[in-house]
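The values are calculated or read from the model by the stated rules, or taken from the named source; none is laboratory data. What you are looking at is a predicted structure, and each value in this text was computed from that prediction instead of being measured. Note that each Cβ is placed from the backbone with ideal geometry, even for glycine, and that neighbours are counted across all protein chains shown. Note: accessible area is taken over every heavy atom of the protein model, side chains too, but ligands, DNA and RNA are not part of it. Shrake-Rupley method; radii C 1.70, N 1.55, O 1.52, S 1.80 Å.
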Amino acid sequence: MIKPIIMGNWKLNGSKKFIQNILHTLNQFLIKYYNICTVIISPPILYANFIQQTLLDNQQNFFLGAQNVDIHFSGPFTGEISPIMLKDIGISYVIVGHSERRLYHQENNEIIAKKFKILKEENLIPILCIGETKKEKILNQTKEVCKKQIDIIFKLCGESAFNNTIIAYEPIWAIGSNHSASPKEVQIICHFIRNYIKSKSNQVLKNFFIQYGGSVTKNNAKTLIYQKDIDGFLIGGASLQLEEFIKIIEISNM
(Lines give C-alpha, C1' and ligand atoms only; values in the text may rest on other atoms or scores of the structure.)
Protein backbone atom coordinates (compact mmCIF):
# COMPACT_ATOMS: atom_id res chain seq x y z
CA MET A 1 0.00 0.00 0.00
CA ILE A 2 1.33 3.43 -0.98
CA LYS A 3 1.67 5.93 1.83
CA PRO A 4 -0.66 8.87 1.12
CA ILE A 5 1.08 12.11 0.15
CA ILE A 6 -0.75 15.16 1.50
CA MET A 7 0.38 18.59 0.38
CA GLY A 8 -0.83 21.90 1.79
CA ASN A 9 -0.54 24.80 -0.64
CA TRP A 10 -0.74 27.99 1.40
CA LYS A 11 -0.71 30.20 -1.70
CA LEU A 12 -0.38 33.90 -0.77
CA ASN A 13 -1.21 33.41 2.90
CA GLY A 14 0.63 33.15 6.21
CA SER A 15 2.71 35.09 8.73
CA LYS A 16 5.28 34.25 11.40
CA LYS A 17 2.56 34.30 14.04
CA PHE A 18 0.35 32.00 11.99
CA ILE A 19 3.23 29.57 11.46
CA GLN A 20 4.09 29.48 15.15
CA ASN A 21 0.46 28.83 16.04
CA ILE A 22 -0.13 26.07 13.52
CA LEU A 23 3.13 24.18 13.29
CA HIS A 24 3.67 23.16 16.92
CA THR A 25 0.36 21.30 16.99
CA LEU A 26 0.87 19.93 13.48
CA ASN A 27 4.32 18.66 14.39
CA GLN A 28 3.05 16.76 17.43
CA PHE A 29 0.35 15.24 15.28
CA LEU A 30 2.71 14.23 12.46
CA ILE A 31 5.08 12.44 14.81
CA LYS A 32 2.28 9.89 15.40
CA TYR A 33 1.97 9.32 11.66
CA TYR A 34 5.65 9.42 10.70
CA ASN A 35 5.71 5.95 9.14
CA ILE A 36 2.39 5.92 7.29
CA CYS A 37 2.09 9.23 5.46
CA THR A 38 4.09 12.04 3.88
CA VAL A 39 3.07 15.64 4.50
CA ILE A 40 4.37 18.58 2.48
CA ILE A 41 3.77 22.25 3.21
CA SER A 42 4.24 24.84 0.46
CA PRO A 43 4.29 28.26 2.12
CA PRO A 44 5.21 31.58 0.54
CA ILE A 45 8.90 30.97 -0.06
CA LEU A 46 10.22 33.65 2.30
CA TYR A 47 8.85 31.65 5.25
CA ALA A 48 10.64 28.42 4.31
CA ASN A 49 13.61 28.93 6.62
CA PHE A 50 11.39 30.00 9.51
CA ILE A 51 9.34 26.83 9.11
CA GLN A 52 12.49 24.70 9.06
CA GLN A 53 13.61 26.25 12.34
CA THR A 54 10.17 25.82 13.89
CA LEU A 55 9.72 22.21 12.78
CA LEU A 56 13.28 20.99 12.83
CA ASP A 57 12.62 18.06 15.17
CA ASN A 58 10.43 16.23 12.66
CA GLN A 59 12.45 15.08 9.66
CA GLN A 60 10.72 11.76 9.11
CA ASN A 61 7.64 12.58 7.10
CA PHE A 62 7.47 16.36 6.85
CA PHE A 63 8.86 18.17 3.84
CA LEU A 64 8.92 21.69 2.50
CA GLY A 65 7.60 22.51 -0.93
CA ALA A 66 7.69 25.57 -3.14
CA GLN A 67 4.84 27.09 -5.11
CA ASN A 68 6.88 28.16 -8.11
CA VAL A 69 10.29 28.14 -9.81
CA ASP A 70 11.94 30.04 -12.64
CA ILE A 71 13.13 28.46 -15.90
CA HIS A 72 16.69 29.76 -15.35
CA PHE A 73 19.44 28.68 -12.97
CA SER A 74 20.71 32.24 -12.48
CA GLY A 75 20.94 35.60 -14.21
CA PRO A 76 19.20 38.98 -14.59
CA PHE A 77 15.68 37.82 -13.74
CA THR A 78 14.40 40.14 -11.04
CA GLY A 79 12.02 38.62 -8.53
CA GLU A 80 12.56 35.00 -9.58
CA ILE A 81 13.98 32.01 -7.71
CA SER A 82 15.96 29.18 -9.27
CA PRO A 83 15.83 25.44 -8.55
CA ILE A 84 19.39 25.68 -7.22
CA MET A 85 18.24 28.22 -4.64
CA LEU A 86 15.24 26.09 -3.67
CA LYS A 87 17.46 23.07 -3.19
CA ASP A 88 19.94 25.16 -1.20
CA ILE A 89 17.30 26.08 1.40
CA GLY A 90 15.99 22.54 1.80
CA ILE A 91 13.07 22.44 -0.61
CA SER A 92 12.23 18.96 -1.90
CA TYR A 93 8.99 19.40 -3.86
CA VAL A 94 7.93 22.15 -6.26
CA ILE A 95 4.47 22.84 -7.70
CA VAL A 96 4.40 23.61 -11.42
CA GLY A 97 1.45 24.21 -13.69
CA HIS A 98 -1.02 25.25 -11.02
CA SER A 99 -4.15 26.67 -12.61
CA GLU A 100 -3.64 30.00 -10.85
CA ARG A 101 -0.19 30.34 -12.43
CA ARG A 102 -1.68 29.47 -15.80
CA LEU A 103 -4.50 32.00 -15.37
CA TYR A 104 -2.91 34.96 -13.56
CA HIS A 105 0.64 34.67 -14.89
CA GLN A 106 -0.14 33.41 -18.39
CA GLU A 107 2.00 30.31 -18.02
CA ASN A 108 1.39 27.99 -20.95
CA ASN A 109 2.23 24.30 -21.36
CA GLU A 110 5.64 25.08 -22.85
CA ILE A 111 6.74 27.27 -19.94
CA ILE A 112 5.48 24.68 -17.48
CA ALA A 113 7.41 21.93 -19.27
CA LYS A 114 10.59 24.03 -19.06
CA LYS A 115 10.06 24.44 -15.32
CA PHE A 116 9.48 20.70 -14.98
CA LYS A 117 12.72 19.99 -16.86
CA ILE A 118 14.88 22.35 -14.83
CA LEU A 119 13.56 20.80 -11.59
CA LYS A 120 14.48 17.36 -12.86
CA GLU A 121 17.98 18.56 -13.65
CA GLU A 122 18.39 19.47 -9.96
CA ASN A 123 16.79 16.24 -8.71
CA LEU A 124 13.85 18.09 -7.20
CA ILE A 125 10.41 16.48 -7.30
CA PRO A 126 7.87 18.29 -9.48
CA ILE A 127 4.22 18.30 -8.54
CA LEU A 128 2.70 18.83 -11.97
CA CYS A 129 -0.84 20.20 -11.92
CA ILE A 130 -3.05 19.28 -14.83
CA GLY A 131 -6.78 19.55 -15.39
CA GLU A 132 -9.64 20.98 -17.38
CA THR A 133 -11.77 24.11 -17.25
CA LYS A 134 -15.53 23.99 -16.83
CA LYS A 135 -16.01 24.62 -20.55
CA GLU A 136 -13.63 21.78 -21.45
CA LYS A 137 -15.46 19.46 -19.07
CA ILE A 138 -18.82 20.30 -20.62
CA LEU A 139 -17.36 19.60 -24.07
CA ASN A 140 -16.04 16.24 -22.80
CA GLN A 141 -12.44 17.27 -23.47
CA THR A 142 -10.93 16.37 -20.09
CA LYS A 143 -8.81 13.47 -21.30
CA GLU A 144 -7.56 15.36 -24.35
CA VAL A 145 -6.59 18.34 -22.19
CA CYS A 146 -4.67 16.11 -19.79
CA LYS A 147 -2.94 14.30 -22.67
CA LYS A 148 -1.80 17.60 -24.16
CA GLN A 149 -0.40 18.78 -20.82
CA ILE A 150 1.42 15.46 -20.38
CA ASP A 151 2.70 15.10 -23.94
CA ILE A 152 4.75 18.28 -23.87
CA ILE A 153 6.58 16.99 -20.79
CA PHE A 154 7.49 13.78 -22.61
CA LYS A 155 8.58 15.77 -25.66
CA LEU A 156 10.97 17.93 -23.63
CA CYS A 157 12.14 15.45 -20.98
CA GLY A 158 11.98 12.02 -22.61
CA GLU A 159 10.51 8.64 -21.66
CA SER A 160 11.76 8.71 -18.07
CA ALA A 161 10.20 12.12 -17.37
CA PHE A 162 7.68 10.96 -14.80
CA ASN A 163 9.97 8.96 -12.53
CA ASN A 164 10.12 10.66 -9.12
CA THR A 165 7.16 12.83 -9.99
CA ILE A 166 3.74 13.65 -8.59
CA ILE A 167 0.81 14.51 -10.83
CA ALA A 168 -1.88 16.61 -9.20
CA TYR A 169 -5.11 16.24 -11.13
CA GLU A 170 -7.00 19.43 -10.33
CA PRO A 171 -10.14 20.13 -12.34
CA ILE A 172 -9.95 23.90 -12.58
CA TRP A 173 -13.69 24.32 -12.19
CA ALA A 174 -13.56 22.67 -8.76
CA ILE A 175 -10.75 24.74 -7.20
CA GLY A 176 -12.06 27.02 -4.47
CA SER A 177 -15.63 26.35 -5.54
CA ASN A 178 -16.76 24.03 -2.71
CA HIS A 179 -17.81 21.65 -5.49
CA SER A 180 -15.38 18.78 -5.77
CA ALA A 181 -15.51 16.33 -8.63
CA SER A 182 -17.27 13.10 -7.69
CA PRO A 183 -15.05 10.22 -6.53
CA LYS A 184 -16.08 8.21 -9.58
CA GLU A 185 -15.16 11.04 -11.95
CA VAL A 186 -11.81 11.54 -10.26
CA GLN A 187 -10.99 7.84 -10.33
CA ILE A 188 -11.77 7.60 -14.05
CA ILE A 189 -9.45 10.49 -14.91
CA CYS A 190 -6.65 9.51 -12.51
CA HIS A 191 -6.77 5.96 -13.88
CA PHE A 192 -6.58 7.36 -17.40
CA ILE A 193 -3.59 9.58 -16.48
CA ARG A 194 -1.70 6.70 -14.87
CA ASN A 195 -2.25 4.34 -17.81
CA TYR A 196 -1.49 6.99 -20.40
CA ILE A 197 1.84 7.88 -18.79
CA LYS A 198 2.71 4.20 -18.39
CA SER A 199 1.94 3.58 -22.06
CA LYS A 200 4.29 6.34 -23.19
CA SER A 201 7.10 5.58 -20.74
CA ASN A 202 8.04 2.14 -22.10
CA GLN A 203 9.51 1.35 -18.67
CA VAL A 204 8.45 0.68 -15.12
CA LEU A 205 7.78 4.00 -13.42
CA LYS A 206 9.57 4.59 -10.12
CA ASN A 207 8.13 6.81 -7.41
CA PHE A 208 5.26 8.06 -9.53
CA PHE A 209 2.14 9.25 -7.70
CA ILE A 210 -1.16 10.92 -8.47
CA GLN A 211 -2.87 13.38 -6.14
CA TYR A 212 -6.27 14.98 -6.40
CA GLY A 213 -6.69 18.70 -5.89
CA GLY A 214 -9.96 20.59 -6.09
CA SER A 215 -11.87 21.64 -2.97
CA VAL A 216 -10.70 18.74 -0.81
CA THR A 217 -12.29 18.84 2.66
CA LYS A 218 -12.76 16.48 5.58
CA ASN A 219 -16.25 15.80 4.20
CA ASN A 220 -15.12 14.35 0.88
CA ALA A 221 -11.58 13.14 1.66
CA LYS A 222 -12.66 9.66 2.77
CA THR A 223 -14.54 8.76 -0.39
CA LEU A 224 -11.78 10.22 -2.56
CA ILE A 225 -8.81 8.53 -0.89
CA TYR A 226 -10.49 5.12 -1.24
CA GLN A 227 -10.25 5.38 -5.02
CA LYS A 228 -7.59 3.06 -6.39
CA ASP A 229 -5.66 5.64 -8.41
CA ILE A 230 -5.59 8.49 -5.88
CA ASP A 231 -2.39 8.51 -3.83
CA GLY A 232 -3.06 11.67 -1.87
CA PHE A 233 -4.25 15.27 -2.03
CA LEU A 234 -3.08 18.73 -3.01
CA ILE A 235 -5.00 20.93 -0.59
CA GLY A 236 -5.46 24.68 -0.80
CA GLY A 237 -7.64 26.60 1.64
CA ALA A 238 -8.30 23.67 3.98
CA SER A 239 -4.55 23.38 4.72
CA LEU A 240 -4.71 26.79 6.40
CA GLN A 241 -7.30 25.52 8.88
CA LEU A 242 -5.42 23.32 11.33
CA GLU A 243 -8.31 21.15 12.53
CA GLU A 244 -9.52 20.61 8.96
CA PHE A 245 -6.04 19.78 7.67
CA ILE A 246 -5.33 17.33 10.49
CA LYS A 247 -8.68 15.64 9.95
CA ILE A 248 -7.94 15.16 6.24
CA ILE A 249 -4.57 13.59 7.11
CA GLU A 250 -6.28 11.26 9.61
CA ILE A 251 -8.93 10.25 7.11
CA SER A 252 -6.29 9.58 4.47
CA ASN A 253 -4.59 7.09 6.77
CA MET A 254 -7.64 5.09 7.84
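For region 88-105, indicate whether the set of residues that are over 29 Å from residue 246 (Cβ atoms), in contact with an Asp or Glu (Cβ under 8 Å, 6 or more places away or on another chain), surrounded by fewer than 17 Cβ atoms within 10 Å (Cβ to Cβ) and modelled with pLDDT of 90 or more is non-empty.
no
Which of the residues belonging to region 64-97 are among the acidic types (Asp, Glu) and free of Cβ contacts under 8 Å to residues at least 12 places away in the same chain?
Hits for region 64-97 are 80, 88.
Which one of these does residue 71 not meet: (1) within 19 Å of residue 120 (Cβ to Cβ); (2) modelled with pLDDT under 95?
(2)
Considering (1) of a type outside the set (Lys, Arg); (2) open to solvent by 10 Å² or more (accessible area, probe 1.4 Å); (3) more than 29 Å from residue 27 (Cβ to Cβ); (4) within 15 Å of the chain's Cα centre (by Cα), say which one residue 171 fails and leave the rest.
Exception for residue 171: condition (2).
Restricting to region 200-215, what's the tally of residues that are touching a helix residue (DSSP H, G or I) at 6+ places or on another chain (Cβ under 6 Å) and in a loop (DSSP other than H, G, I, E, B)?
2
Any idea which residue in region 207-254 is farthest from the chain's Cα centre (by Cα), counting only those that are open to solvent by 20 Å² or more (accessible area, probe 1.4 Å) and among the aliphatic types (A, V, I, L, M)?
So, considering only residues that are open to solvent by 20 Å² or more (accessible area, probe 1.4 Å) and among the aliphatic types (A, V, I, L, M), the one farthest from the chain's Cα centre (by Cα) is 254.
Quick one: residue 179 ticks every box in (1) touching a residue at least 24 places away in the same chain (Cβ under 8 Å); (2) farther than 25 Å from residue 242 by Cβ; (3) open to solvent by 80 Å² or more (accessible area, probe 1.4 Å) except a single one, so which number is it?
The failed condition is (2).
Taking residue 80 as meeting all but one of (1) open to solvent by 60 Å² or more (accessible area, probe 1.4 Å); (2) outside any loop (DSSP other than H, G, I, E, B); (3) modelled with pLDDT of 95 or more; (4) under 19 Å from residue 10 (Cα atoms), write down the number of the exception.
(2)
Please list, ordered by first then second residue, the pairs with beta carbon atoms under 6 Å, 6 or more apart or interchain, first in region 152-169 and polar (S, T, N, Q), second open to solvent by 40 Å² or more (accessible area, probe 1.4 Å).
163/206; 164/125; 164/207
With the checklist (1) surrounded by fewer than 18 Cβ atoms within 10 Å (Cβ to Cβ); (2) more than 20 Å from residue 102 (Cβ to Cβ); (3) touching a Gly at 6+ places or on another chain (Cβ under 8 Å) in hand, flag the one item residue 204 doesn't pass.
(3)
Which one is surrounded by the fewest Cβ atoms within 10 Å (Cβ to Cβ), of the residues in region 7-53 that are under 18 Å from residue 86 (Cα atoms) and small (Gly, Ala, Ser)?
Per the stated criteria, the residue is 48.
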